[in-house]
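Undergrad: Below is one structure. I have some questions about it.
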Amino acid sequence: QVQLVESGGGLVQPGGSLRLSCAASGSIFRVYAMGWYRQAPGKQRELVARISSGGSTNYADSVKGRFTISRENAKNTVYLQMNSLKPEDAAVYYCNCEAAVDTSGRRYGYWGQGTQVTVSS
């Protein structure tokens, strides 16, 4: 019904930057909140940043001041600009969105397949 396709992951040196993108497509009536989560080996998946359809944002304390989440509602796309990357930021990053597929009022959560971010010298 709804597919999320992420891009932009890769290998970067400490202190470097990456920009992740995630586009939602399929039988979408409306996309509400969109966000990024990450999961490092042996750890639980955690929220990185989230943005509402109106543009309100919240961030994990560990990324505040370094990461910026934004979105283009017309394209159902969310971005994560990651600056001053640290080795502890290395993880698989997953895109998430809350969307409605019809006018019933029901909302569903969807996940992307994940994109690897590696921070290493």
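The values are calculated or read from the model by the stated rules, or taken from the named source; none is laboratory data. Fair warning: this is a prediction, and the values are worked out from it, not measured in the lab. Note that each Cβ is placed from the backbone with ideal geometry, even for glycine, and that neighbours are counted across all protein chains shown. Ligands, DNA and RNA are stripped out before the accessible areas are found, and what is left, the full protein with its side chains, is counted by its heavy atoms. Shrake-Rupley method; radii C 1.70, N 1.55, O 1.52, S 1.80 Å.
Undergrad: Here are some residues: 47, 80, 18, 85. Which one is out of contact with any Leu (no Cβ under 8 Å at 6 or more places or on another chain) and at negative phi?
TA: Numbers: 80 fails: out of contact with any Leu (no Cβ under 8 Å at 6 or more places or on another chain); 18 fails: out of contact with any Leu (no Cβ under 8 Å at 6 or more places or on another chain); 85 fails: out of contact with any Leu (no Cβ under 8 Å at 6 or more places or on another chain).
Result of the check over 47, 80, 18, 85: 47.
Undergrad: So, in the stretch 110-121, exactly how many residues are part of a strand (DSSP E or B) and open to solvent by less than 60 Å² (accessible area, probe 1.4 Å)? Can you show your working first?
TA: As a first pass, look at the stretch 110-121 and keep what is part of a strand (DSSP E or B): 110-111, 115-119.
Now narrow it down to the ones that are open to solvent by less than 60 Å² (accessible area, probe 1.4 Å): 110, 115, 117-119.
So the count comes out to 5.
Undergrad: Next up: Taking residue 45, is it modelled with pLDDT under 95 and basic (Lys, Arg)?
TA: Spelling it out, it is not the case that residue 45 is modelled with pLDDT under 95 and basic (Lys, Arg).
Undergrad: OK, next. Given (1) open to solvent by 40 Å² or more (accessible area, probe 1.4 Å); (2) at pLDDT 95 or above, where does residue 30 come up short, assuming only one miss?
TA: (2)
Undergrad: Return the total of residues in the stretch 47-59 being open to solvent by 60 Å² or more (accessible area, probe 1.4 Å) and within 11 Å of the chain's Cα centre (by Cα).
TA: Looking only at that region, the number is 0.
Undergrad: Out of all the residues in the stretch 72-97, which are among the charged types (D, E, K, R) and surrounded by fewer than 18 Cβ atoms within 10 Å (Cβ to Cβ)?
TA: 72, 75, 86, 88 - these are the residues of the stretch 72-97 that are among the charged types (D, E, K, R) and surrounded by fewer than 18 Cβ atoms within 10 Å (Cβ to Cβ).
Undergrad: Hey, can you tell me all the residues within the stretch 98-109 that are open to solvent by 50 Å² or more (accessible area, probe 1.4 Å) and either within 16 Å of the chain's Cα centre (by Cα) or of a type in the set (Phe, Trp, Tyr) (or both)?
TA: Correct list: 98, 108, 109.
Undergrad: If a residue has to be on the phi > 0 side of the Ramachandran plot and of a type in the set (Val, Ile, Thr) to count, how many in the stretch 88-121 make the cut?
TA: 0
Undergrad: Right, another one. Suppose we keep only residues that are without any contact (Cβ under 8 Å) to a residue 60 or more places away in the chain and within 14 Å of residue 7 (Cβ to Cβ) within the stretch 60-91. Which one would you say is farthest from the chain's Cα centre (by Cα)?
TA: 75
Undergrad: List the number of the failed condition for residue 8; all other conditions in (1) open to solvent by less than 40 Å² (accessible area, probe 1.4 Å); (2) on the phi < 0 side of the Ramachandran plot; (3) not aliphatic (A, V, I, L, M) hold.
TA: Condition (2) is where residue 8 drops out.
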